[in-house]
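Data block below; observations after.
Bear in mind that the values in this text are calculations on the coordinates, not laboratory data. Note that the coordinates shown come from a computational prediction; the quantities given were computed from them, not determined experimentally. Cβ placement follows ideal geometry from the backbone for every residue including glycine, while neighbour counts extend to all protein chains displayed.
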Amino acid sequence: MKLRIFVIVLALGLFISSAVLLTRKLSGSLSLNAAAVTTSSAPTVTIDGKTFVVEMATTIDQQTQGLSGRTSLNPNNGMLFVFNPATSEAFWMKDMNFSLDIVWIYQNKIVDISRHEPAATASQNTNKDWPLIYPAGSADNVLEVNSGAADTFNIGDFVLINDQSSGI
C-alpha cells in the first residue's frame, strides 16, 4: 500500500513539474511571437532587395532632430522623412556622431543619393557651421541609413515603403 501511494505521489509530482515546464516554454514562445509581430508591423523601406526597419519622421520637430545625438544606428535600420508636398529641403549633419547615406525619393523612385556624408566636426557644431546637403530635385521621402548601406543603390531604383500605421 505504501509503495502504491509513493508511486502515485511521484507520478503526480512529475506531472505537475512537466506542466510547469510546458507552461514556461509556451509563455516564452508566445513572447517571441508577440515580438515578431511587433517587428513585422514596424515601417520598412525596401530598395534593391535590402530592407530597412525605419523610424518615421513626419513632424517638423522629428525632422529637425533626425538622427542627431545618437551614437550609432543598427545596420538594418534607418529614418524615413516624409514630406507632403514634396520638397527640396536641405539636410544637415548637426550633432551627428556617424556618417550617413541620404537617399532622396520621389514617387517611389530614387532621384538622388548623397553617399558617405561625414558627421559634423566638433568645430562645425561649436560654430553652428554645418554643411547643407541638397537633393538634385524634389523629394517626397528621404531615407537616412548608415554610410555605405546605399552603395548598391542607383538613381531610378524602385523604393517600396511599407507603413501600415499611416497607409503609406
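Using the Cβ atoms and a cut-off under 11 Å, what net charge is assigned to the surroundings of A139, where Lys and Arg are +1 and Asp and Glu are -1? Could the numbers behind the result be given before it?
On the way: positive: K109; negative: E89, D112, D140.
Local net charge: -2.
Put a dot 7 Å past each Cα toward the Cβ at A136 and H116; how far apart are the dots in nm?
Going by the 7 Å Cα→Cβ label model, 1.9 nm.
Going 7 Å from the Cα of V53 toward and past its Cβ, which residues in the stretch 102-146 have a backbone nitrogen under 11 Å from where you end up?
Nothing falls inside the zone, counting backbone N under 11 Å.
Across the stretch 126-137, in residue order, what do the Karplus-derived ³J(HN,Hα) couplings come to in whole Hz, using 6.51 cos²θ - 1.76 cosθ + 1.60 with θ = phi - 60° and x for Gly and Pro?
For the stretch 126-137, the Karplus curve yields 5, 8, 6, 10, 7, x, 9, 10, 10, x, 6, x Hz.
If you average 1/r over every pair of different alpha-carbon atoms in the stretch 80-134 and take one over that average, what Kirkwood value in Å do you get? Could you put the intermediate results ahead of the total?
Numbers: mean 1/r = 0.0812 Å⁻¹.
It works out to 12.3 Å.
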